[in-house]
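Below you'll find the structure, written out as structure tokens, and then a few comments.
Since every read-out is calculated from the coordinates, none of them should be taken as a lab result. Keep in mind it's a predicted model, so treat the numbers as computed, not measured. Neighbour counts are summed over all protein chains in view; Cβ atoms, including those assigned to glycine, are modelled from backbone coordinates with ideal geometry.
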Amino acid sequence: MQKFKAFLYNFICFAILFFGFRYLLSEWIVSSSLTATLISAVLSMVLSPKFASVETEKGRKLFVKIPFVKGVKEL
């Protein structure tokens, strides 16, 4: 269940950032739809938090790595 939760959180964060960047880029900066989509995808991959499910001694735990923040946090 934790693996599915991590996958779902990764997907939701990526989708929110992707559609936000795509809207901003297509409205104000880039005239080409394909260019806005590609730039949005790259920005979303780099800036979205990464969730992972890790097996520890106490069972499976969910961790998150946020870009530009030092360390990993347990959820």
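Go through region 19-34 and report how many residues are among the aliphatic types (A, V, I, L, M) and either touching a strand residue (DSSP E or B) at 6+ places or on another chain (Cβ under 6 Å) or in a loop (DSSP other than H, G, I, E, B) (or both). Can you show your working first?
First, pick out the residues of region 19-34 that are among the aliphatic types (A, V, I, L, M): 24-25, 29-30, 34.
Then drop every residue that is not either touching a strand residue (DSSP E or B) at 6+ places or on another chain (Cβ under 6 Å) or in a loop (DSSP other than H, G, I, E, B) (or both), which leaves 30.
The number of residues fulfilling the criteria is 1.
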Practice problem: Consider only pairs whose beta carbons are under 7 Å apart and that are at least six residues apart or on different chains; among these, list those whose first residue lies in region 21-43 and is under 24 Å from Pro67 (Cα atoms) and free of Cβ contacts under 8 Å to residues at least 24 places away in the same chain and whose second residue is crowded, with 16+ Cβ neighbours inside 10 Å and of a type in the set (Gly, Ala, Ser). | Solution: Phe21/Ser40; Phe21/Ser44; Arg22/Ala36; Arg22/Ser40; Leu25/Ala36; Leu25/Ser40; Ala36/Ser26
Quiz item: Would you say Val54 is in contact with a strand residue (DSSP E or B) (Cβ under 7 Å, 6 or more places away or on another chain), under 26 Å from Leu75 (Cα atoms) and without any contact (Cβ under 8 Å) to a residue 12 or more places away in the chain?
Solution: yes
Quiz item: In this structure, does Gly20 turn out to be exposed (fewer than 14 other Cβ atoms within 10 Å of the Cβ) and at positive phi?
Solution: no
Quiz item: Residues of region 18-68 being closer than 19 Å to Ala6 by Cβ and of a type in the set (Lys, Arg), which ones?
Solution: Lys50, Lys58, Arg60, Lys61, Lys65
Quiz item: Which of (1) without any contact (Cβ under 8 Å) to a residue 12 or more places away in the chain; (2) part of a strand (DSSP E or B); (3) within 12 Å of the chain's Cα centre (by Cα) does Ile16 not meet, given it meets every other one?
Solution: (2)
